[in-house]
Every structure is written in structure tokens, then in C-alpha cells.
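A.B. asks: I'd like to ask you about the structure that follows.
The values are calculated or read from the model by the stated rules, or taken from the named source; none is laboratory data. What you are looking at is a predicted structure, and each value in this text was computed from that prediction instead of being measured. As a convention, Cβ positions derive from the backbone with ideal geometry for all residues, glycine included, and neighbour counts pool all protein chains shown.
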């Protein structure tokens, strides 16, 4: 029904998109952790003064 290259392309696209979503999620979690850490440090400095 379909050319074998099209099915290979669709499979590869799905795999790459899943990998992209995984790494994007890791990156976002890392950025949010850094943001939270900065907020905590700022609150600790504000509490000392």
C-alpha cells in the first residue's frame, strides 16, 4: 500500500520526536530546579538582613 521509505520515515519521525520530548522535559526540569534554587537563595538572603 505504502512505499517502504515512507513507513521508515514515519517510524524515524516518531522515534526522534519521542527523544526530543524526553530531552526537552529534562532540560525544562533542570531550568525549573535552577530557578527554584535561586528563589530559595534570595529568600535566605532576605531573611538574614
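A.B. asks: Would it be correct to say that residue 9 is surrounded by 10 or more Cβ atoms within 10 Å (Cβ to Cβ) and within 14 Å of the chain's Cα centre (by Cα)?
C.D. replies: Judged against the criteria, residue 9 is not a match.
A.B. asks: Now for a different question. Which pairs have Cβ atoms under 9 Å, sit 6 or more apart or on different chains, and link a residue in segment 1-13 that is at pLDDT below 90 to one that is in a helix (DSSP H, G or I) and surrounded by 10 or more Cβ atoms within 10 Å (Cβ to Cβ)?
C.D. replies: 2/10
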